Amino acid sequence: MKAVVLESFGDSNKAFSIQEVAEPSNLAPDEVLIKVESFGLNFADVMARIGFYNDAPPLPAILGYDVVGKVHKAGAEKGEFLMGKRVVAMTRFGGYAQYVKTKISGVVEIGENMQAYKALALATQYCTAYYACCELTNLFSSDKVLLHAAAGGVGTAITQLAKLKGCTVYGLTSSYDKVTYLKDNGVDFPIVAKNGDYHQQLKELLNGEKIDVVFNSVGGGTYKKDFKLLDKGGRLLLYGVADRLTMRKGFLGTVKLLWKFGLLTPVQLLISSQSISGINMLRIADYKPKTLKRCLEKVVEMTHSKQLNPKEGGEFSVEDISLAHQLLESRKSVGKIVVNW
Ligand SMILES: NC(=O)c1ccc[n+]([C@@H]2O[C@H](COP(=O)([O-])OP(=O)(O)OC[C@H]3O[C@@H](n4cnc5c(N)ncnc54)[C@H](OP(=O)(O)O)[C@@H]3O)[C@@H](O)[C@H]2O)c1
C-alpha cells in the first residue's frame, strides 16, 4: 500500500514522501483494518511534523488521526459487524495511508451519504469538542464562553455545541478574514486578537462582568490572561499549546512555555470555586475507550440529525500533502482540511 511518510522534522515541503510500505497486519481481536478513502488534518499533525509532539511515533512515521473508509478486515468476531461498512475512525496515528488498523472503540458507521469532510471533522475535532462541552463540563444558557481559535476545527465544533446550549460565545481569531465565518457559525462576539490584545477588548465588551467557561487551545501567556477574566465558579479547559510554535525548539523553549503558564495553588481554586481541566484525547482513547466511543457516536448522530454542521476547510489530493500542512500552519484555515487518495 501507499502511505505518506514523515521522514524528517521541519518544513512540510521536505518532511514528507509518498512511499510503498507494508499493509498493517496482525490485527488484535479489538481491531479492524480500514481501506481509507480520505484522511483529515489536525493541528497536532503540524506539531508532530515540526517535532513538538511527544506522543508522535518515532521517525519514519505515518501521522493521521482521522480517516473515512470501508472496513476491510476484522481482527475477530467482535469487529465483524463492521465488515464492508463505511466508517469514520479516530486512528491514533497511521491515518495518512491507504490502509490503517485501529481499535473498534474509535470506529463508527456513517452510512454511504455523509460527505467525507463532515465525517473527518467528527473523528477528532468534534469528539474533542463534545468531550469538552458535554462530558468534562456542562454548559448552561447563562454561560458566557470564551473560545480560542474559534474558526478552526475544534473551535467550529465548540461554537456549535455552545450555541445549542444557548450560551453567549466570545470567539478569538488572529485574522479579520475569519470574522464572517465566525458570525455565520454562531459566534456572538468575534474578537480579532492582534498583538495579544484580546484581554483588553474582552474587558471592554464584558463591561465589568466575567467569563464562565474558557476553552483554551493556545496555552502559554493566554492562560494567565484567561484566568483573570474567569468568574467565581468558572471553568477553564485547556486542550492545546499552539503557543509552543512561537518558541524555539528544545529544552529552553519548553521552559519558556511553562514559565508563561505561571504557578497556581489549588487552594486558590477552592476559595474561588473555580476549576481547571486538561484534555488529551489520546489518553481518553487509551484509557477511556468507552468514553471515546460514546462521544464519537453522539457527534455522528447529531450530524445526521443536522444539529451539528461540520465545515469544509479545503480539499487536497495526497500529492499536495505539503500544501495542506502549509494551509493549517499558516493560520489562514477554517473548518476541516481533507486529503483524498
Ligand atoms: N488535547 C486534545 O486532545 C486535542 C484534540 C484536538 C485538538 N487539540 C488542539 O486544539 C487546537 C485546535 O486544533 P484543530 O486541529 O482544530 O486546529 P485549528 O483550530 O483548525 O487550527 C489551529 C488554529 O490555532 C490558531 N493558533 C493560535 N496560535 C497559533 C500559532 N502560534 N500558530 C498557529 N496557529 C495558531 C489559529 O487560528 P487563529 O489564527 O484564527 O487564532 C489556527 O488556525 C490545537 O491547539 C490542537 O492541538 C487538542
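When the residues of the stretch 171-201 are filtered to those that are outside any helix (DSSP H, G or I) and of a type in the set (Ser, Thr, Tyr), which remaining residue is surrounded by the most Cβ atoms within 10 Å (Cβ to Cβ)?
Thr173
Counting only residues that are in contact (Cβ under 8 Å) with a residue 24 or more places away in the chain and more than 16 Å from the ligand (Cβ to nearest atom), how many does the stretch 265-292 have?
The total comes to 5.
Among the candidates Val107, Val67, Val100, which residue alone is without any contact (Cβ under 8 Å) to a residue 60 or more places away in the chain, outside the structural domain of Leu230 (by TED's automatic domain parsing) and of a type in the set (Val, Ile, Thr)?
Val67
Take the residues in the stretch 108-122 that are more than 10 Å from the ligand (Cβ to nearest atom) and assigned to a helix (DSSP H, G or I), then tell me which one is nearest to the chain's Cα centre (by Cα).
Among them, the one singled out is Leu122.
Name the single residue that is surrounded by the most Cβ atoms within 10 Å (Cβ to Cβ) among those in the stretch 213-263 being β-branched (Val, Ile, Thr), over 18 Å from Ser275 (Cα atoms) and away from the ligand (no atom under 13 Å from the Cβ).
Ranking the candidates gives Thr254 first.
Say whether the condition of being closer than 30 Å to Val107 by Cα, without any contact (Cβ under 8 Å) to a residue 60 or more places away in the chain and surrounded by fewer than 23 Cβ atoms within 10 Å (Cβ to Cβ) is met by at least one residue in the stretch 119-135.
No, because not a single residue in the stretch 119-135 is closer than 30 Å to Val107 by Cα, without any contact (Cβ under 8 Å) to a residue 60 or more places away in the chain and surrounded by fewer than 23 Cβ atoms within 10 Å (Cβ to Cβ).
Out of the stretch 3-56, which residues are more than 16 Å from the ligand (Cβ to nearest atom), among the aromatic types (Phe, Trp, Tyr) and assigned to a strand (DSSP E or B)?
Of everything in the stretch 3-56, just one residue is more than 16 Å from the ligand (Cβ to nearest atom), among the aromatic types (Phe, Trp, Tyr) and assigned to a strand (DSSP E or B), namely Phe16.
Of the residues Asn185, Asn113, only one is in contact (Cβ under 8 Å) with a residue 24 or more places away in the chain and either on the phi < 0 side of the Ramachandran plot or among the charged types (D, E, K, R) (or both); which?
Result: Asn185 is the single residue among Asn185, Asn113 that is in contact (Cβ under 8 Å) with a residue 24 or more places away in the chain and either on the phi < 0 side of the Ramachandran plot or among the charged types (D, E, K, R) (or both).
Would you check which residues across the stretch 151-179 are within 13 Å of the ligand (Cβ to nearest atom) and free of Cβ contacts under 8 Å to residues at least 24 places away in the same chain and list them?
Those that are within 13 Å of the ligand (Cβ to nearest atom) and free of Cβ contacts under 8 Å to residues at least 24 places away in the same chain: Tyr176, Val179.
State whether the residues of the stretch 308-322 include one that is aromatic (Phe, Trp, Tyr) and over 17 Å from Val68 (Cβ atoms).
No, the stretch 308-322 contains no residue that is aromatic (Phe, Trp, Tyr) and over 17 Å from Val68 (Cβ atoms).
The values are calculated or read from the model by the stated rules, or taken from the named source; none is laboratory data. Because the structure is predicted, anything quoted here is derived from the model rather than measured. Note that we place each Cβ from the backbone using ideal geometry, even for glycine, and neighbour counts take in every protein chain shown.
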